[in-house]
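Undergrad: Here it is, the structure, as structure tokens.
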Amino acid sequence: MTRLTDLPAAQAKRLAEAECPSFETRPWVNGPALSRRRVAIVSSAGLFLRGENPFRGRDADYRAVPSETGPERLLTSHISVNFDRTGLQEDWNVAFPLDRLKELAAEGTIGSVAATHYSFMGASDPLAMEPHARELAGRLKSDQVDSVILAPV
Amino acid sequence: MGALGHYLEDEGIATVGISLIRPQIENTKPPRALWVPFELGRPFGPPSNPPFQRRVLLAALRLLERQDGPVILEDFGEDDPRARPDSAWIPPVAARGNATGGDALAAGLEAEIGVLQDAYLRWIEQSGRTTVGVSGLAPPDSARYVADWVRGKSPPSPQEGYSAPLLMRFAVDDVKAYSLEAAAAGNVRPSSRQLGDWFWEESAAGAALHALRETCLASDDERLKLIAGNFIVPTARVRTAV
């Protein structure tokens, strides 16, 4: 299965019509050229480091993944069983493109890679994530991050 | 992810999101998003294909330089080449017979974990990693824990801080990861559908998990029912009664 249209009809309908929060404002931040940006990954794959605290149920907080982390330490405890995990098993870059981001920084396409990246668990209530996301923004700013690539599963 | 983009952008950090479900971002309207035509779970496309992943990542990051938002929503035009099956792939030897009933299915699951051990070790050697380990149990122990549930028992959790139902869910995830990593060992690269077809229709572990789902759904424990109904067998793989 590849696209939403390839999923069983009931599952595709549920995903397409999943209740999403609606916002009255449309925030928008401009920034410098890509070559001067410091970029972090924020995933919703339920990623955590081996030996640390997995996501339980629909935890709405986040886990930190330092940039120097090796792929052998990264696990997922995402609650959903309805997304492919075999890609992530073979190559973490399918959902957490840290190697690709480092390559873009090394060649100067982006300015630099954040010292730390983060993961939420995407099946959590978006409204419950809000205080954690706003607190995370402070952490990102402390790391001089000005841009984030949001990676779902 | 659309909501996370809204919150972070509202706090002054520019965001761009990958989207796998276009209707959701059409509703949420995040600041910037790139829709990709890939399977859920692979937002940056095929594994072991750095050039392809780079094109996806760069297409998304370039949206950060656009000045014509909010809202910017673009589509990525390439399909995932790894979505195609590889006819050279041969499913691993599985110990499944025609087992029915909890005891036989549980025994088949435990035996299959042993049969697949060499392939699983080859996988670790070739890939340098494993995603088994969420439960904190060694593979034979996670298989044994799941097998006890398949036998109709309610084994206590041996892991401090994990309830029995939570550990059961994590051990189920580990059994799946172990089996699928073992099945992918070698030089041939099967598609996710090939791996899923084998696991859910042919393997002893898959048969045991189908049975575990049914057993837990019949339980009086609402938490077990919730886990069984949603977090063991993918919706697309649930067997319907005939």
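Taken together, the values in this text are just the output of simple stated rules run on the coordinates, not laboratory data. All of these numbers come straight from a predicted model, not from anything done at the bench. Every residue, glycine among them, receives a Cβ derived from its backbone with ideal geometry; neighbour counts consider all protein chains shown.
Undergrad: When the expected Rg is taken as 2.2 N^0.38 Å, what fraction or multiple of it is the alpha-carbon Rg of the stretch B:102-237?
TA: Normalised Cα radius of gyration, the stretch B:102-237: 1.01.
Undergrad: What is the distance, in nm, between label points placed 7 Å from the Cα along the Cα-to-Cβ direction at residue B:84 and at residue B:230?
TA: Calculated label separation equals 3.8 nm.
Undergrad: For the stretch A:35-151, what does the relative contact order come out to in percent, with C-alpha contacts under 8 Å and a separation of six or more?
TA: Once divided by the residue count of the stretch A:35-151, the mean separation gives 50 percent.
Undergrad: Another question, then. Can you give me the relative contact order of the stretch B:115-198 as a percent, contacts being Cα pairs under 8 Å and 6 or more apart? Intermediate values should be presented prior to the final figure.
TA: Numbers: 81 pairs, mean separation 36.0, N = 84.
Reported as a whole number, the value is 43 percent.
Undergrad: So for chain B, averaging the separation of alpha carbon pairs under 8 Å that are six or more residues apart and normalising by length, what relative contact order in percent results?
TA: 17
Undergrad: For the pair residue A:115/residue B:124, report the inter-label distance in nm, with labels modelled 7 Å from Cα in the Cβ direction.
TA: The answer from the label model is 3.3 nm.
Undergrad: Moving to a separate point now. Just how far, in whole angstrom, is the stretch A:115-139 from the stretch B:70-120 if you go by their alpha carbon centroids?
TA: Between the Cα centre of the stretch B:70-120 and that of the stretch A:115-139, the gap is 32 Å.
Undergrad: Take every residue in peptide B:31-38, count the Cβ atoms of other chains within 10 Å of its Cβ, and give the average of those counts.
TA: 3
Undergrad: Go through the stretch B:48-65 residue by residue and turn each phi into a ³J(HN,Hα) via Karplus (6.51, -1.76, 1.60, θ = phi - 60°); whole Hz please, and just put x for glycine and proline.
TA: Going residue by residue, I get 6, 9, x, x, 5, 4, 5, 4, 5, 4, 5, 4, 5, 5, 5, 5, 5, 8 Hz, with x marking Gly and Pro.
Undergrad: Ranking request for peptides B:147-153, B:77-83, A:120-126: highest mean number of other beta-carbon atoms within 10 Å first, then the rest in descending order.
TA: For the peptides B:147-153, B:77-83, A:120-126, the packing ranking is A:120-126, B:147-153, B:77-83.
Undergrad: If you don't mind, there's one more thing I want to ask. Can you give the helix-only mean residue ellipticity at 222 nm for the protein assembly as shown, where every DSSP H stretch with n ≥ 4 adds -39500 (n - 2.57) and the sum goes over all residues, rounded to the nearest 500 deg cm²/dmol? Before the final figure, lay out the partial values.
TA: Details: 14 runs with 159 residues, N = 395.
Value at 222 nm, helices only, nearest 500: -12500 deg cm²/dmol.
Undergrad: Then there's this: In nm, give the distance between the simple-model label positions of residue B:163 and residue A:139, each being 7 Å from the Cα along the Cα-to-Cβ direction.
TA: Going from the residue B:163 label point to the residue A:139 one covers 2.6 nm.
Undergrad: If the cut-off is 29 Å between C-alpha atoms, which lysines fall inside it for residue B:225, apart from same-chain ones fewer than 8 positions away?
TA: A:13, B:153, B:176
Undergrad: Suppose R0 equals 22 Å. What FRET efficiency, 1/(1 + (r/R0)^6) with r the Cβ-Cβ distance, do residue A:67 and residue B:48 give to the nearest 0.05? Intermediate values should be presented prior to the final figure.
TA: Numbers: r = 22 Å, r/R0 = 0.98.
Efficiency, from the Cβ-Cβ distance: 0.55.
Undergrad: Further, regarding this structure: Please report the Cα spread of chain B along all three principal axes, rounded to whole Å, starting with the longest.
TA: 63, 44, 40
Undergrad: Oh, and also: Grab every C-alpha pair in chain A, bin the distances at 10 angstrom width from 0 up to the longest one, and report whole percents.
TA: Going from the shortest bin to the longest, the percentages are 10, 36, 36, 18, 1.
Undergrad: Shifting gears a bit: Taking 1 over the mean of 1/r across every pair of different Cα atoms in the protein assembly as shown, what Kirkwood radius in Å do you get?
TA: 21.5
Undergrad: A further question on this structure: Could you tell me which residue out of A:152, A:110, A:74 lies farthest along the dipole of chain A toward its positive end? Charges go on the beta carbon: Lys and Arg +1, Asp and Glu -1, centred on the Cα centre.
TA: The one lying farthest along the dipole's positive direction is A:110.
Undergrad: With Cβ to Cβ distances under 15 Å as the rule, what net charge do the other residues near residue A:109 carry (K, R +1; D, E -1)?
TA: Spelling it out: positives minus negatives among the neighbours equals +4.
Undergrad: Ok, one more. Can you sort B:216, A:20 by how many other beta carbons sit within 10 Å, fewest first?
TA: A:20, B:216
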